[in-house]
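A quick write-up on the structure given underneath.
No value in this document is a laboratory result; all are computed from the given coordinates. All values reported here derive from a predicted model rather than from experimental measurement. Here Cβ is always computed from backbone atoms with ideal geometry, including for glycine, and neighbour counts include all displayed protein chains.
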Amino acid sequence: MNSTQNKKWISIEDLDNYKEAAVPEIRTAMETAVDQVVRNLPEFTDRFPGPNSFDNFYRPGDNVEWTTGFWTGEIWLAYENARTEEEKEALRKAGEIQVDSFMKRIVDRIDVDHHDMGFLYSLSCVAAYKLTGMEKAKEAALLAADNLVSRFQPKGEFLQAWGEMGAPDNYRFIIDCLLNLPLLYWAYEETGVDKYRDIAEKHIHTALANVIREDDSTWHTFFMNPETGEPDHGATCQGYRDGSAWARGQAWGVYGTAVGYRYTKREEYIGYFKRVTTYFLKHLPEDLCPFWDLEFGDGDEQPRDSSSAVIAACGMLEMSKYMEKADSEYYTSVALKLLKQMIDKYSVKDPKKSNGLLLMGTYSKKSPYNTCTEAGVDECVIWGDYFYMEALYRVLDPEWKSYW
Ligand code: GLY
């Protein structure tokens, strides 16, 4: 594309030159994805894929980490898109077996001392309950919501992400948590107990008041003062450096502001959505698949993170439901352009090459300036696969009843 030659990033105007994914190609992509999920059931029903693949193949493991709900979410999305009754029944059974595992996990408190209850339980148990009415799924999801509520810090009004509650070196929230909050809104709607909604609203407000910088990029993590509850400082864990914009963090911001608006209907959140989304789009390379940190662009020898593109696409499709016509059409169109690139260049078409759905994600890339452990660089990542399917389904069925 001539207009973008020799540039690190595209400009917003360049987006006009890209093609949208058309419904028939989205339908074919969904069929390919469902086939892959069904093919994976024998290996991944009693056990779960890990957060990332190794040479593009996931390995089976236990129901631990913050990521196993994404696989169960893929099973439920495949269930909704199954082409035969037999396939649908096989997917339902697998989903229900996994709900049992999630119940055991919360009751036995296996790796649940953190805030990622929404990622784990919205996509596994809330989805199961919404689709099949399974009571056990509802009970497990409510226990997970209670666990999330127990991470609330009244001083500063936020949900503490990681570590021992109140520890000064962990007195912080992270931008990712915005996607954990739908679990609390669901619990409020199911039980009528105000605390779930009130805590979610307080956290959203604290997060969005602090996490967006003046230039519309976002902090990955943000510390509050444990003595006063006042905002203290931002820092990165998985981004390249403190002041850069970790691509997935910015994408969590795109989807997170959309979810924040959906539940609170606060007008200013539409403005926040536009700011973080515009920053994200202005830092895309020519093929629209971001590098793992938005500081990098074409010409930089860095890995991509395809999962950020599909998370942002889902956020744009969600927010477009609540916007006036021109904005709604614009963000839908941009999401379709990102999806076209993902389908054409990043999706798995041959199961001999990968047992995942979307190639070239990055979980955590170590840099001299960040605090993460390197894992899953240039691999499939399980949330990338999930959000790829969710984005496809959002286009195929704009009335889809979200699991979030
Ligand atoms: N929530 C952790 C991550 O996005 O890697």
Give me the one-decimal Kirkwood hydrodynamic radius in Å for segment 201-285, with the sum taken over alpha-carbon pairs.
13.1
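When each pair of different Cα atoms in segment 115-190 is counted once in the 1/r mean, what is the Kirkwood radius in angstroms, to one decimal?
Numbers: mean 1/r = 0.0785 Å⁻¹.
Taking the inverse mean of 1/r over all distinct Cα pairs, segment 115-190 comes out at 12.7 Å.
What number results when the radius of gyration of the chain, computed over Cα atoms, is divided by 2.2 N^0.38 Å? Intermediate values should be presented prior to the final figure.
Details: Rg = 19.7 Å, N = 404, 2.2 N^0.38 = 21.5 Å.
That ratio works out to 0.91.
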Length added when fully stretched, residue 215-residue 55, from 0.36 nm per residue minus Cα-Cα
53.9 nm
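For residue 330 and residue 300, what does the FRET efficiency come to when R0 = 30 Å and r is the distance between their Cβ atoms, rounded to the nearest 0.05?
0.60
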Can you work out ³J(HN,Hα) from phi for every residue in segment 10-20, in order, using Karplus 6.51 cos²θ - 1.76 cosθ + 1.60 and θ = phi - 60°, giving whole Hz and x for Gly and Pro?
6, 9, 4, 5, 4, 4, 4, 8, 9, 8, 7
Burial ranking of peptide ranges 7-14, 255-262 (average Cβ count within 10 Å, highest at the top):
255-262, 7-14
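May I ask you to order 371-383, 224-236 by the average number of other C-beta atoms within 10 Å around their residues, highest value first?
Numbers: 371-383: 20.5, 224-236: 15.5.
Top to bottom by mean Cβ count within 10 Å: 371-383, 224-236.
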Along its principal axes, what span do the Cα atoms of segment 97-159 show, with the longest given first and each in whole Å?
39, 22, 15
Distance (nanometres) between label positions extended 7 Å along Cα→Cβ at residue 169 and residue 97
4.1
Under the Kirkwood approximation applied to all pairs of distinct alpha-carbon atoms, what is the hydrodynamic radius of segment 63-219 in Å?
16.2
Please give the length that would be gained between residue 132 and residue 267 if that part of the chain were fully extended, namely 0.36 nm times their separation in residues minus their C-alpha to C-alpha distance (nm, one decimal).
45.1 nm
Spin-label model distance (nm) - residue 8 vs residue 194, 7 Å beyond Cα toward Cβ:
4.9
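List the pairs from 88/130; 8/345; 19/274; 136/401; 130/353; 195/265 whose alpha-carbon separation is above 27 Å, in the order I gave them.
On the way: 88/130 16 Å; 8/345 19 Å; 19/274 22 Å; 136/401 20 Å; 130/353 34 Å; 195/265 18 Å.
Exceeds cut-off: 130/353.
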Along the Cα-to-C-beta direction of residue 322, a point sits 7 Å from the Cα; which residues of segment 176-202 have their amide N less than 17 Å from that point?
177-189, 197-202
